[in-house]
Every structure is written in C-alpha cells, then in structure tokens.
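Undergrad: Take this structure, written in structure tokens, and hold onto it; I'll ask about it next.
Rule-based calculations on the coordinates, nothing more; no lab input. Since the model is a prediction, treat every value here as computed from it, not as a measurement. Cβ placement follows ideal geometry from the backbone for every residue including glycine, while neighbour counts extend to all protein chains displayed.
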Amino acid sequence: MGINILWDRQAPEGIELPVARMIEMILGREAGFVEYPLLIDGYDRNRNQHDAQKILDRLQDTLTRRYEVAGPLLLVTSRDLYVNGCDFVFGLARPASGVAVVSTARLGNSYYGRTPDDADLIDRTAKEGAHEVGHLLGLGHCENPECVMFRPRTLDELDRKKKMLCPACREAAGSGREG
Ligand SMILES: [Zn+2]
Ligand SMILES: [Zn+2]
C-alpha cells in the first residue's frame, strides 16, 4: 500500500519531491502527496512547541475518519514537537491508526548555527520521515546505528544513519512491490 504524505503549508517549500523520492527509495514503496485542510493542534505557549500526540489525534480524526485516507499517512510539519517526558522529538508515529508526523524544526543546519543546506535538510527529513512510516509498517527501533530505524537522540546520530533499512529491518518490513 502506498505512503500518503501531507505537507504542512508552513513546512519548507521546494524539497517535497526529493524527500518523497528518498522515502520511496528507503522503504521500497510508492509515496504520493495528499492535500487536505488540517488544523495543527497542541500548541504549548510556555514551551513554544506542539504536542505531537495532539497533532496525531487531529490527523487521525480528520484524515482517516472524515476523508478515509487509506494507507500510512505522514504529516511533514515545521512545528517543533514534544511528547510528555521528552524535551523534543523529531517525529512520532501511531501504528494503530496509521498516522505519523515528522518535524523539520530541528533538521535544518540553521537550527544549530551552521550554514543552511537543502541537501542536508532533504536527507534528514527523508530519514526521519521514513523512520516514522517504518513504525506504521510494523517496525520497531533498531540497534544498528546506520539503520533508518535507529532512534537518534542528536543530530550527529541522525546524520550517522544511512538512507536505508538494515537487512533485518528490510526483511521485517516486507516490500510493497516485487524485487
Ligand atoms: Zn522511532
Ligand atoms: Zn534496522
């Protein structure tokens, strides 16, 4: 089943297609874009972050129930995300509902005082987007630091990951198409 990508209007423009193609390459499944009006919930004024769980609540409610989007659904947003107990998260997946979100807020070089580079942003958004969709396909976290399903806690750990699943995760995910 194909992967549906919803690109938040505030998310970085111009990198949508390369990100989608890279997610396809990593997971071996087709990915396409869907466009629906979506309210981004869960803003916390004190933290200046969004509660990723509340975003997924709305995503689940609006898209899977009202519009009956079939297949894994990934929201790409620029809002900085947290979940209770964590300072921040790069993304969050809810496999039981088939919805996930990934944030570009901490994926660009400028967040870390480095020179902006679209190629870096594309790589990281694709890796973390594919990671969250991987959870929707039934994958858990992987111990292999080069695997997309490894859970990075820092940007360096994220950058150490390759744009691929390790053989064990690839096997576990199966493939949406032959070969
Ligand atoms: Zn994860
Ligand atoms: Zn793996």
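Undergrad: Simple spin-label model, 7 Å along Cα-to-Cβ: Arg151 to Tyr111 in nm?
TA: 1.7 nm
Undergrad: Related question: Which whole-number value in Å³ per residue fits the convex hull of the alpha carbons of the chain? Present the calculation step by step, with values, prior to reporting the outcome.
TA: Working: hull volume 19.9 nm³, N = 179.
Once divided by residue count, the hull of the chain is 111 Å³.
Undergrad: Between the stretch 6-20 and the stretch 26-56, what is the separation of their alpha carbon centroids in Å?
TA: Result: 12 Å between the Cα centres.
Undergrad: OK, next. Let a ≥ b ≥ c be the square roots of the eigenvalues of the Cα gyration tensor of the stretch 6-66; is it rounded (a/c under 1.5), or, if not, prolate (a/b larger than b/c) or oblate? Intermediate results must be reported in sequence, preceding the final value.
TA: Details: a/c = 2.16, a/b = 1.58, b/c = 1.36.
Prolate.
Undergrad: Okay, moving on. Within the stretch 1-103, list the trypsin sites (Lys or Arg not before Pro) lying in a DSSP loop whose Cβ has at most 12 other Cβ atoms in a 10 Å radius.
TA: Details: sites: Arg9, Arg21, Arg29, Arg45, Arg47, Lys54, Arg58, Arg65, Arg66, Arg79; in loops: Arg9, Arg29, Arg45, Arg47, Arg79.
Within the stretch 1-103, the qualifying trypsin sites (Lys or Arg not before Pro) (loop, at most 12 other Cβ atoms within 10 Å) are Arg9, Arg45, Arg47.
Undergrad: GluC sites (Glu not before Pro), restricted to the stretch 19-48: which are DSSP loop and have at most 10 other Cβ atoms within 10 Å? Before the final figure, lay out each step's value.
TA: On the way: sites: Glu24, Glu30, Glu35; in loops: Glu30, Glu35.
Sites meeting the loop and neighbour criteria: Glu35.
Undergrad: Once you wrap a convex hull around the alpha carbon atoms of the stretch 31-98, what is its projected area averaged over all directions, in nm²? Don't skip to the answer; put the middle values down first.
TA: Details: hull surface 19.5 nm².
Dividing the Cα hull surface by four gives the mean projection, 4.9 nm².
Undergrad: When only C-alpha pairs under 8 Å and at least 6 residues apart count, what is the relative contact order of the chain, in percent? Walk me through the numbers on the way to the answer.
TA: Numbers: 332 pairs, mean separation 40.2, N = 179.
Worked out over the chain, it gives 22 percent.
Undergrad: Using +1 on the beta carbon of Lys and Arg, -1 on that of Asp and Glu, and nothing else charged, what's the dipole of the chain about the Cα centre, debye to 20? Please report the intermediate quantities before stating the final value.
TA: On the way: 23 positive and 27 negative charges, 44 e Å.
The calculation lands at about 220 debye.
Undergrad: Do any trypsin sites (Lys or Arg not before Pro) in the stretch 103-156 lie in a DSSP loop with no more than 12 other beta carbon atoms within 10 Å, and if so, which? Let's see the in-between values first.
TA: Details: sites: Arg106, Arg114, Arg124, Lys127, Arg153; in loops: Arg106, Arg114, Arg153.
Here the trypsin sites (Lys or Arg not before Pro) that fit, given the DSSP loop and packing criteria, are Arg114, Arg153.
Undergrad: In what sequence do His135, His141 fall when counting other Cβ within 10 Å, fewest first? Walk me through the numbers before you get to the answer.
TA: On the way: His135 18, His141 13.
Fewest-to-most Cβ neighbours within 10 Å comes out as His141, His135.
Undergrad: Right, here's the next one. Give me P(r) over the stretch 98-179, computed from all C-alpha to C-alpha distances, binned every 5 Å, as integer percentages.
TA: Pair shares across the bins are 3, 15, 25, 24, 17, 9, 5, 2, 0.
Undergrad: A follow-up question, please. To make sure I understand the rule: partners must be lysines, Cα under 26 Å from the Cα of Lys54, and not fewer than 8 residues away in the same chain. Which ones qualify?
TA: Straight-line reach from Lys54, under 26 Å: Lys127.
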